[in-house]
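Notes follow the structure.
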Amino acid sequence: MTIRPILIHPDPRLRKEAEPVGTVDDEIRKLGADMLETMYDAPGIGLAAVQVGVMRRVFVMDCSAKEGTPDPLVMVDPQILWLSEEEAPSEEGCLSIPEIYADVTRPVEVTLRWTDLENAVREHRFDARAATCVQHEMDHLAGKLFIDYLSPVKRTMITSKMKKLKKEMARA
Ligand code: K1U
Ligand code: ZN
């Protein structure tokens, strides 16, 4: 397994829509394994393929509540089937926008359908932090970032900060 570099905002690849996968093959299985390794290393609770520069509809997540009991999931061609009417704010971060956290209001439950690594179609209803993470990752696959839910002033400030960070990282 390989830890892949994570794209940092602003990057045009983070603003593009990902392409469907169709049938899962060994290349997608390797991508899923690398993405989980990259997510755990970061560390994070989710990661979309577009964040490692692969424009395919794949994301990984592990929102296991108990420490020491990992629950890794690789979602291929995910589709939201249902969103709860009830919404609530919760704090989000993004591995492509390091060290920035903000409250985003979203539906509190979501039902997702996806293809797993054995090409089986699966469905599950997620709640709490997992529901937030699923919606955050689905946004990545559509080229959307959590800062798009903030005011234009906040978004501009965060983008300037990230441009500065990227310059510093390039110098190091
Ligand atoms: O997609 C990403 O950028 C990953 C992101 C997912 C996410 C976090 C919070 C709410 C919604 C979606 C992250 O994992 S940011 C890092 C993070 O939340 C975290 C890191 C270490 C321990 C626990 C959480
Ligand atoms: Zn993110």
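Where a number appears in this text, it was derived from the coordinates with a stated rule and is not lab data. The model shown is predicted, which means the values in this text are computed figures rather than measured ones. For neighbour counting, all protein chains shown are included, and Cβ atoms are generated from backbone atoms with ideal geometry for every residue, glycine included.
Estimated purely from DSSP H runs of n ≥ 4, each contributing -39500 (n - 2.57), the mean residue ellipticity at 222 nm for the chain is -9500 deg cm²/dmol once divided by its residues. When the alpha carbon gyration tensor of the range 74-172 is reduced to an equivalent ellipsoid, its three semi-axes come out at 29, 18, 10 angstrom, largest first. Structure remark: mean-square fluctuation, Gaussian network model of the chain, C-alpha springs under 10 Å; the largest value among E118, E37, E19 belongs to E118. FRET efficiency for the pair E86 and A142, taken as 1/(1 + (r/R0)^6) with r the Cβ-Cβ distance and R0 = 22 Å, rounds to 0.45. Using the beta-carbon distance between D25 and T69 and R0 = 25 Å, what value does 1/(1 + (r/R0)^6) give for FRET efficiency, to the nearest 0.05? The value I calculate is 0.25.
By the combined test of axial Cα extent (at least 15 Å) and Kyte-Doolittle hydropathy (mean at least -0.5), the qualifying DSSP H helices of the chain come to 128-141.
Assuming 0.36 nm per residue, please report the length gained on full extension of the stretch A33 to R129 beyond their Cα-Cα distance.
32.3 nm
Given their separation in residues at 0.36 nm each and the Cα-Cα distance between them, N119 and T2 gain 39.8 nm when the chain is fully extended. Between T156 and E99, the contour length at 0.36 nm per residue exceeds the alpha carbon distance by 19.0 nm. The 3J(HN,Hα) values that the Karplus relation (6.51, -1.76, 1.60; θ = phi - 60°) gives for the range 80-95 are, in residue order, 7, 9, 7, 10, 5, 6, 5, 10, 8, x, 8, 6, 10, x, 8, 5 Hz. Gly and Pro appear as x.
Legend: distances between Cα atoms for K144/K167; K30/K161; K30/K154; K30/K163; K30/K164; pairs beyond 27 Å are K30/K161; K30/K154; K30/K163; K30/K164. Which whole-angstrom value gives the distance between the alpha carbon centres of the range 99-172 and the range 62-77? A separation of 16 Å, based on Cα centres.
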